[in-house]
Every structure is written in C-alpha cells, then in structure tokens.
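To start, the structure under review is shown below, and the notes come after it.
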Amino acid sequence: GWQASTKSGSLSYILPCNRLPVQLVSQVRVYTSNGQKKNLGSEDTNGSNPEETQRKVGTGRQDTSNAGQKQSFLKEPIQVKVKAVLKKREYGPKYTQNNFITGVRAINEFCLKSSDLDQLRKIKRRSPHDDTETFTVYLRSDVEAKSLEVWGSPEALARERKRRKEAEIKYRENLFRNQRLLREYKEFFGNTKPRSSAAAMFFKGPGKVVMVAICINGLNFFFKLLAWVYTGSASMFSEAIHSLADTCNQALLALGISQSARTPDPSHPYGFTNMRYIASLISGVGIFMMGAGLSWYHGIMGLLHPHPIESLLWAYCILAGSLVSEGATLLVAINEIRRSARAKGLSFYQYVVQSRDPSTNVVLLEDAAAVLSVAVAATCMGLTSLTGNPYYDSVGSLGVGTLLGTVSAFLIYTNTEALLGRSIQPEQLQRLTELLESDPVVRAIHDVKATDMGMSKVRFKAEVDFDGRVVTRSYLEKQDIEQLLQEIQQVKTLEELEAFMLKHGENIIDTLGAEVDRLEKDLKQRNPDVRHVDLEIL
C-alpha cells in the first residue's frame, strides 16, 4: 500500500510502506541574493507504529517476503535534497533606476545645463544611428539626483517645468512673428546657410519634365483661348480648358516636388516624399472636375443650343501648334520614364502602372490625353466644316471630356494605392527573406511585411527568431576564455554567482543588439530601396 506521512513544516514524502515505523528528517533552505540562508523548518518526525490493519493475504510465503522487505527498507538511509531558491526581486509597477537617457533629454526634461552633466557618470552605449558607432548616455537615477540638487526639491523642479512649458506654448503662438524676425535677421546679416537643393530639383529628372510642361501648357492655353473667342467652337473651348487644367495641375505637381524635398522633422519622422503622391492625387481630381466637367458641360450645352461656327482656319493652326508642343512634352516624359524604368529593372508599363514616379506619370498621361484630344477636336471640327452641322463639334467636346475623365480616374486610383501603403513585389520580398534566413544567427523569420513608402523607399519589418547559442558563441569569441574560466572558478557564493550572471547576461544582450544592427545594415546595403528596417526579436 501507499501511505503519505505529512506534518507541518516538513516536506511531503510518499513512501511505499506497510505498517512500518518511519523517521523522516526534512529541511528547506531559501537563499536570498545576498547569500544568506533561512531555515524554514527542521523537524524530526518520529513515526510510531501506525494503526494495525489486519490483512490476510493468502499464504505464509507472502508474509515472509513482506517481513524481508521491511527489514531491507529500514536499513536503507533516506536521502533529502535541499533546493537553493534565489529570492525573487520585486521591482514594482514602475522601475526606472537602471534606465539610460541622453544628454538632450536630461537637459530638457530635468531642466539642467550641459555643465551639470559634466559631473555625472558617462556611459558609452551602442548608437542606434547609422552614422555613429557609440554615444554617451547617463543613468536616470543620477540625473534625477542632480536635478534635485540643482533645484532643491521636486516642487521647485515641477514649477520650472511648468514655466518652460508655458514659454514653449507662447513661442508657438508667436511662431509666424518669429519667422518674420528670422528672415529680417538673415536679410540684414546675410544667410550663411547653404541654399536649399529644392531649386536644383527642377533642372533634372521629374522636376525638369514638370517645368517644361508648365511652360508649354501655359502658352497653349493662351492661344487656344484666343481661338475660342474668335471662332466660338465648343471643341476649342474644351481644348482651352484642358490646357488650363494641365497648367494648374502641373503647377501643383511642382509644389509637391518642392515639398517632398523637405528634411524629416519630429512630426514627420519618415519625411515628406508622399507629397508627390498627394499632389498627383489632387491633380487627378482637378482634371476630373475642371477639365472633364467643363468639357461635358459645354458639349451638352452645344447639343441643346447649337449655333453656327465662324471660320476655323485659325483654330486649325492653333491646334497644329498645340499638337507639336504637346508632342514634344510627351516625348520628354517618355524618355524620363524609360530612363527611370531601366534603372529600376522594370518595363515601361510596370513603371507607369505602379506609379513609381507620380509627377512624371501625370505629365505623361496628361500630354498623351492632350495629343489624343487635339486629334479628336480637329476631326470633329473638320466634320463640322464639311457638313455645316454644329453637333459634330459638340460631340468632340464630349469626347475630350470623356478622355480627361478616364485619365483622372487612373491617376486617382494609382496614387490612392500608393498612399495606402502597398506591398513590394513578391520577388523582391523573397530576396530580403532569403538574405535574413541565410544568416547563421537567424533560426526563422515570421510576420514579414515590406511596404512601399513611395519614391522607391521601402520599409521592412519582420519577427526574427534568433539562435541564442550562436549569439552566445559570438560573444565568447571576443572574450579571453582563460580569464572567463578563472572567474567561474572563483564563484563560491550566491552573490558572486548573481554578479557573474548579470555581468555577462548584459553583455550577451548587447551582442544580440549588435547582431540586429548588422542584419539591418546588410539589408540596406544589398537593397538600396530599403530605407527603414524594423527587426523584432521573437
């Protein structure tokens, strides 16, 4: 049978016994982190003869075997294992004693001066930025103690924070006045900062295409407007409105290009590259409302209230000049897209559909629509001249409006897709995944997301399962093994063991962080489109 002998302050042992007197000695020792041990209980349990329970088991041979088992069991000593338990440290809901903060945060949040930080302990840590390897941080507890030393009490520090916050709010309210004073200061003393590179963007690439389109479409609008005033043609009116819409939209594209060159700030840490897509989206809406809407309206009014058309000779001449100028702009846009698509390894069609360069795409589609609309307008005006029926001219206006509506719908769709954050191509994502999985420090990767942020900028995110053995070996390869072995041999107490584990555990975590930085750097170097990498430890 099985009988449990349990008393207060002792361990529970389940022993096979059959009316056996058993003496148990049990003890539990709890060790704290300072090496002290506490005896929770030591008790001799003298077990008297348990209550006799008569069982008749059959034959006398079984009774003899039971007696032999009793004697052999009484001769064997009972071994008790003592388990050392490290007392759990309670940190509480908020623990910031070991936190590191930078000098800028120490000055701003604790109202200190740079001279105050010179007296504090400086700690070199691995830098999160690509341009520097290490940077200096301070213990938060040291900074808090220094702030209390400087300000005298937490209440005085709180009052100073409140005063600075009010001053910051007041400064923001007077921001425009401060900017005006800054401009006056620069005009008086001279601007020593280098000129912005935004102006240089309009002399090459998409900026050059947009500026050429603005100049040509502006001239086309002026001459088409004169032709419409002279002839009264509905098709010519549609062409004039079309050129005006193109000029306004391309001016908006130029604004988007200049804004996209702004450097990132705390409010927009990933920059302003999406301003090009926003400008192109608004441009598509503008084409639909101004170009297509007015062309449809004028065509419908021409069908409802037809009127004779004057001589169309000047209109044909202006349309011919417009065809040449729009065609020239179209060729400039085509050449720019071909060059960019070749650099990205894409076909012309893929580059346009994926909206890799929204500004050039808008110019391309607008000029292509302009060339087709000139052909439609000239054909309908010719039919009107031959037949004398003004309905053909009104139908031409409706055709131009439909063409503009189609272009605007395509622009709205492609730019909306880009702004929503679409994934990169599966082949490119596969290359990034294989690059990570081929590294020995990586066991597996999960939840991979690669988002096209626009203008060939990719943000990559993945959950990475790191191989702890490889990371630890990478740390050990940089250590003196003999010295490390001596440290292990010198460990005699729990305090020394804890100090040893904490020291090398922190170093191994730093090594893991260095491995993460190395993987992120490799991804960026081998894939220039990847600008932001977020590797999360699984």
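The values are calculated or read from the model by the stated rules, or taken from the named source; none is laboratory data. What you are looking at is a predicted structure, and each value in this text was computed from that prediction instead of being measured. In this analysis, Cβ positions are derived from the backbone assuming ideal geometry, glycine residues included, and neighbour counts consider all displayed protein chains. Heads up: the accessible areas ignore ligands, DNA and RNA and are worked out on the full protein's heavy atoms, side chains in. Shrake-Rupley method; radii C 1.70, N 1.55, O 1.52, S 1.80 Å.
Tell me the residue from Ile508, Ile488 that is modelled with pLDDT of 90 or more and closer than 24 Å to Ser438 by Cβ, please. Steps first, please.
Working: Ile488 fails: closer than 24 Å to Ser438 by Cβ.
Of Ile508, Ile488, the one residue that is modelled with pLDDT of 90 or more and closer than 24 Å to Ser438 by Cβ is Ile508.
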*Residue check for Asp118: open to solvent by 80 Å² or more (accessible area, probe 1.4 Å) and either among the acidic types (Asp, Glu) or modelled with pLDDT under 85 (or both)*: yes
*Scan the stretch 451-468 and give yes if some residue there is loosely packed, with under 12 Cβ neighbours inside 10 Å and at pLDDT 90 or above, otherwise no.*
no
_Sole exception among (1) over 20 Å from Tyr351 (Cα atoms); (2) assigned to a loop (DSSP other than H, G, I, E, B) for Met455, by number_ = (1)
_Taking the condition of being modelled with pLDDT under 85, among the charged types (D, E, K, R) and more than 23 Å from the chain's Cα centre (by Cα), how many residues in the stretch 392-444 meet it?_
1
*asked:* Any residue that is closer than 23 Å to Pro128 by Cβ, open to solvent by less than 40 Å² (accessible area, probe 1.4 Å), in contact with a helix residue (DSSP H, G or I) (Cβ under 6 Å, 6 or more places away or on another chain) and of a type in the set (S, T, N, Q) - is there at least one of those in the stretch 414-431?
replied: no
*Do the conditions hold for Asp529, that is, is it of a type in the set (D, E, K, R) and either in contact with a Lys or Arg (Cβ under 7 Å, 6 or more places away or on another chain) or buried (at least 17 other Cβ atoms within 10 Å of the Cβ) (or both)?*
yes
*asked:* Looking only at the stretch 131-175, how many residues end up being surrounded by 10 or more Cβ atoms within 10 Å (Cβ to Cβ) and either closer than 21 Å to Lys94 by Cβ or in the same structural domain as Lys521 (by the TED database) (or both)?
replied: 16
*If Glu184 satisfies every condition in (1) open to solvent by 60 Å² or more (accessible area, probe 1.4 Å); (2) within 24 Å of Val104 (Cβ to Cβ); (3) at pLDDT below 70 but one, which is the exception?*
(2)
_For Glu482: the one exception among (1) surrounded by 13 or more Cβ atoms within 10 Å (Cβ to Cβ); (2) more than 17 Å from the chain's Cα centre (by Cα)_ = (1)
*Ser267 fails exactly one of the following numbered conditions: (1) among the polar types (S, T, N, Q); (2) surrounded by fewer than 13 Cβ atoms within 10 Å (Cβ to Cβ); (3) under 30 Å from Gly396 (Cα atoms). What is the number of that condition?*
(3)
*Of the conditions (1) touching a strand residue (DSSP E or B) at 6+ places or on another chain (Cβ under 9 Å); (2) open to solvent by 50 Å² or more (accessible area, probe 1.4 Å); (3) touching a residue at least 40 places away in the same chain (Cβ under 8 Å); (4) over 30 Å from Val353 (Cα atoms), Glu437 fails just one. Which one is it?*
(3)
